[in-house]
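One structure below.
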Amino acid sequence: MLKTIHPLLNADVLYALRQMGHGNDLVIADTNFPAEAIALETTFGRILRIDADAPTTVRAVLSQFPLDTFVDHPAERMEIMGKPAELLPVHTEVQTEIDHAENGKFKLGGVERFAFYERAKNAFAVIQTNERRFYGCFIFKMGVISPDQKF
């Protein structure tokens, strides 16, 4: 156990996050997402797992992961087929975690389902959760840590 490190962030996840840099994408996927196959095509090249629901996983990841301030939507969700503007409870719960971590600066963008799969293949890494709710898939773009940020 480490001080100030969320206990869900296992060694493999911390290793991957530490390798990421500004502009790299991280996918946090639900249990139905084809994570193993997609992860093989990512920069990291293998699947990561966190055994928690999507909001809890996002809370853990965002405790260490700065979101990119240079893009309009550094946090995006998979859109519902035929209802791209609709938000499900899993989306609003993840938005709450983003608001908490980033002081309400960012709103979830949306990515069409098949475009999401293609974007995920080009991500740095994929974390599969045990989230069972449909459309519980997200992409987060890594930002920077300023020189004056306190640790």
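Connecting C-alpha atoms closer than 10 Å in a GNM of the chain, tell me which of Asn103, Asn24, Asn130 has the biggest fluctuation.
Residue with maximal mean-square fluctuation among Asn103, Asn24, Asn130: Asn103.
Give the order of Thr42, Thr129, Thr69 when sorted by the count of other beta carbons within 10 angstrom, beginning with the fewest. Don't skip to the end; give the middle numbers.
Values: Thr42 23, Thr129 26, Thr69 13.
Listed from fewest to most nearby Cβ atoms, that is Thr69, Thr42, Thr129.
Check Gly109: other-chain or 5+ apart residues with amide H under 5 Å from its amide H, H built from backbone geometry?
Sorted by chain and number, the residues that satisfy this are Ala75, Glu76, Arg77.
Could you let me know the centre-to-centre spacing of segment 1-66 and segment 103-131, using Cα atoms, in angstrom?
For segment 1-66 versus segment 103-131, the Cα centre distance is 12 Å.
Nearest 20 debye, what's the magnitude of the dipole of the chain about its Cα centre given +1 on Lys and Arg Cβ and -1 on Asp and Glu Cβ? All intermediate terms of the calculation are to be shown ahead of the outcome.
Values: 16 positive and 20 negative charges, 51 e Å.
Around 240 debye, computed over the chain.
Could you work out which residue, out of Leu88, Leu62, Leu26, moves most in a Gaussian network model of the chain, that is, has the largest mean-square fluctuation with Cα springs under 10 Å?
Its mean-square fluctuation being the largest, the pick is Leu88.
Using the count of nearby Cβ atoms within 10 Å as a rough guide to exposure, how do Lys141, Lys105 rank from fewest to most?
Working: Lys141 25, Lys105 11.
Fewest-to-most ranking of Lys141, Lys105: Lys105, Lys141.
Considering only DSSP beta bridges whose two residues both sit in segment 9-151, what percent are antiparallel, to the nearest 5?
Numbers: 9 of 18 bridges.
So the antiparallel bridges in segment 9-151 amount to around 50 percent.
Cross-link partners among lysines for Lys107, C-alpha distance below 16 Å, same-chain residues fewer than 8 apart left out?
Cross-link targets: Lys141.
For Lys83, list the aspartates and glutamates whose Cα falls under 15 Å from its own Cα; do not include residues on the same chain fewer than 8 positions away.
Within reach: Glu112.
Do any trypsin sites (Lys or Arg not before Pro) in segment 1-96 lie in a loop, going by DSSP, with at most 12 other beta-carbon atoms within 10 Å of their beta carbon, and if so which? Can you show the working numbers first?
Details: sites: Lys3, Arg18, Arg46, Arg49, Arg59, Arg77; in loops: Lys3, Arg46.
Sites meeting the loop and neighbour criteria: Lys3, Arg46.
Hey, fewest Cβ within 10 Å first, where do Ser146, Ser63 land in order? Show your work: numbers first, answer last.
Details: Ser146 8, Ser63 15.
In order of increasing Cβ crowding within 10 Å: Ser146, Ser63.
In segment 42-123, what chymotrypsin sites (Phe, Trp or Tyr not before Pro) fall in a loop by DSSP, with at most 12 other Cβ atoms inside 10 Å? It would help to have the intermediate numbers written out before the result.
Values: sites: Phe44, Phe70, Phe106, Phe114, Phe116, Tyr117; in loops: Phe44, Phe70, Phe106.
Those satisfying the criteria are Phe70.
Each reported figure results from applying straightforward, stated rules to the coordinates on display, with no laboratory input. Everything numeric here is computed off the predicted structure, so don't read it as measured data. Methodologically, a virtual Cβ is constructed for each residue, glycine included, from the backbone with ideal geometry; neighbour enumeration extends over all protein chains shown.
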